[in-house]
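The values are calculated or read from the model by the stated rules, or taken from the named source; none is laboratory data. Quantities reported herein were computed from a predicted structural model and do not represent experimental measurements. Glycine also receives a Cβ, built like all others from the backbone with ideal geometry; neighbour counts cover every protein chain displayed. Note: accessible area is taken over every heavy atom of the protein model, side chains too, but ligands, DNA and RNA are not part of it. Shrake-Rupley method; radii C 1.70, N 1.55, O 1.52, S 1.80 Å.
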Amino acid sequence: MADEEETSLLHGRVLTGMETESSTMDSGQQRLQDLGYKQELKRDLSVLSNFAFSFAIISILTGITTLFNTGLNYGGTVSMVYGWLIVGVFTLFVGASMAEICSAFPTSGGLYYWSSQLAGPRWGPFASWITGWYNVVGQWAVTTSVDFSLAQLIAVMVLLGTGGANGGGYVANKYVVIGIHGGILLSHALINSLSISWLSYFGVFVLIVLIPAVAKEHQSLSSVFTTFIKPADVGIDSSPYIFLLGLLISQYTITGYDASAHMSEETKSSDKNGAYGILSAIIISLIVGWGYILGLSFVVIDPAALLNEANDAGGYAVAQVFYNVFKARYGSGTGGIVCLGIVGVAIYFCGMSSITSNSRMVYAFSRDGAMPFSRCLHQVNRREVPLNAVWVSSIIAFCMALTSLGSLVAFQAMVSIATIGLYISYALPILFRVTIARKSFHRGPFNLGRYGEFVGWVAVLWVALITVLFCLPVVYPVTKLTLNYAPVAVGGVFVLVLGVWVLSARKWFKGPQFNVVSPFKD
């Protein structure tokens, strides 16, 4: 009897202790504990800070600037101006569905954890495995493409600053570019913490207002919104097909907003603020991104001249636009190079935030034993930062860029995983939410109510459409040099990940491994 009283008293103390601890937790930390994880990362990010990471990784200056050539070539300003709005609407469906799931499961693992919980006990481990690997490889590809594009931009700035391609300027070779890329990644690994939201806003505002204001010549309103350009040298005559290919610039740009989910274990009240971070990053990016596209479109006077590799910027359209605008007004293109510097700073912070998001995903995935050397990768230092995951993500991003030394075609195919791979990882948990977990899904504080299933199905169908679209040929006739290798790269990831699952992982990977044991378990 005495033993029973002692046990009862001890149980009462545990309850009291847990109630006291719970009262000091915010809702996000409490939900994390309910999901089976203890708090290991420092939780001090506000909703604004959470939004800033996703906004920085979306980085409209990065996507639009680096893919402006593609937009000009496939439909011109029409495909960019209208394509941005079309892609934006459907991306909001994807983001809203992700935000609803994030509110229910605010963990750093994000998408792969969601898939595990939504696919049920039988399929959960496999769904988690596939989703997680597509997400982590997609994130590495994003970092690679972002920092490599910055290295290319720096090379163009040096070219223009030393006289341009037609004035004896310095043309950086591929080894110099990869060296710059490595230096950028090294700096990101060293200073992987900085608030960037206000600087991003400033850069976009300057470029939206400054370039059109300085330009001496402007396109007419009707020309910007109605002039459709068909590429002359790609063998494609179908206007709808060209327009669809032109959507690449928009969809590539609006990616990476899953960062808000990966930062949720470091965000206060993440069961609400993680969802708000996802949606606000998408909405604000859509608005300012459209403004940037319009600002550039009104100063595109001769698209063919901008795309010509014999121009001063070597065919880098946005750089040539900036250079032309200032040279025409002031007789010198220096102001244009300064504007490119603003773009470069924004891309730099985009890459740095990408490493932050990468490292949190690697930390969470290795915490659950899914990655090689998991025990090492999920460790955090005394500052509560997953330092090993940061450096591994940086090294892998550098190694992925090394393919550019052999073939730009191979590099572009690999980087295609940045868009397709990430969106596949976005769609999988949404698909499980509207099918297997349709009746069992427990909504969090942010939810879509009765519209959740409809929004989810639209999101899944949109991702299926763009996955097919980005695998289609972009040049005819198709040869080994013009083949779109995106399906090869994305399919290769699937075959590799599936092969490891069948041969080994299915025997030991059981999905998320919880590190909090409830005192009420028998």
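Let me check I've understood the local charge: for residue 135, count other residues with C-beta under 12 angstrom from its C-beta, Lys and Arg +1, Asp and Glu -1. What total comes out? Don't skip to the answer; put the middle values down first.
On the way: positive: 360; negative: 258.
After counting each charged neighbour, the total is 0.
Got a sec to turn the phi values of the range 236-244 into Karplus ³J(HN,Hα) couplings, 6.51 cos²θ - 1.76 cosθ + 1.60 with θ = phi - 60°, whole Hz, x for Gly and Pro?
Karplus-based 3J(HN,Hα) across the range 236-244 equals 10, 10, 6, 5, x, 5, 4, 4, 5 Hz.
My understanding is that a pair violates if its Cα-Cα distance is over 22 Å; which of 174/230; 38/510; 230/327 do that in this structure? Before the final figure, lay out the partial values.
Details: 174/230 30 Å; 38/510 19 Å; 230/327 29 Å.
Check vs 22 Å cut-off fails for 174/230; 230/327.
Over the C-alpha atoms of the range 294-386, what are the Rg and the largest Cα-to-Cα span, Dmax, in Å?
Over the range 294-386's Cα set, Rg and Dmax evaluate to 21.5, 60 Å.
Report, to the nearest whole %, how much of the accessible area of the range 288-431 belongs to carbon and sulfur atoms, 1.4 Å probe, protein only.
66
Tell me, what is the per residue accessible area of the range 113-191 in Å², probe radius 1.4 Å?
Numbers: 2770 Å² over 79 residues.
Here the residues of the range 113-191 average 35 Å² of exposed surface.
With a 1.4 Å probe and all protein chains left in place, how much accessible area per residue does the range 300-447 have, in Å²? Let's see the in-between values first.
Working: 5790 Å² over 148 residues.
About 39 Å² of surface per residue is accessible.
If the chain between residue 495 and residue 330 were fully stretched, how many nm would it gain, using 0.36 nm times the residue separation less the Cα-Cα distance? Don't skip to the end; give the middle numbers.
Details: separation 165, 0.36 × 165 = 59.40 nm, distance 5.59 nm.
Taking residue 495 through residue 330 to full extension adds about 53.8 nm, to one decimal.
The range 453-498: D in µm²/s via Stokes-Einstein (Kirkwood Rh, Cα pairs, 37 °C, 0.692 mPa s)? Mind showing how you got there, number by number?
Working: Rh = 12.3 Å.
Approximately 266 µm²/s, per Stokes-Einstein.
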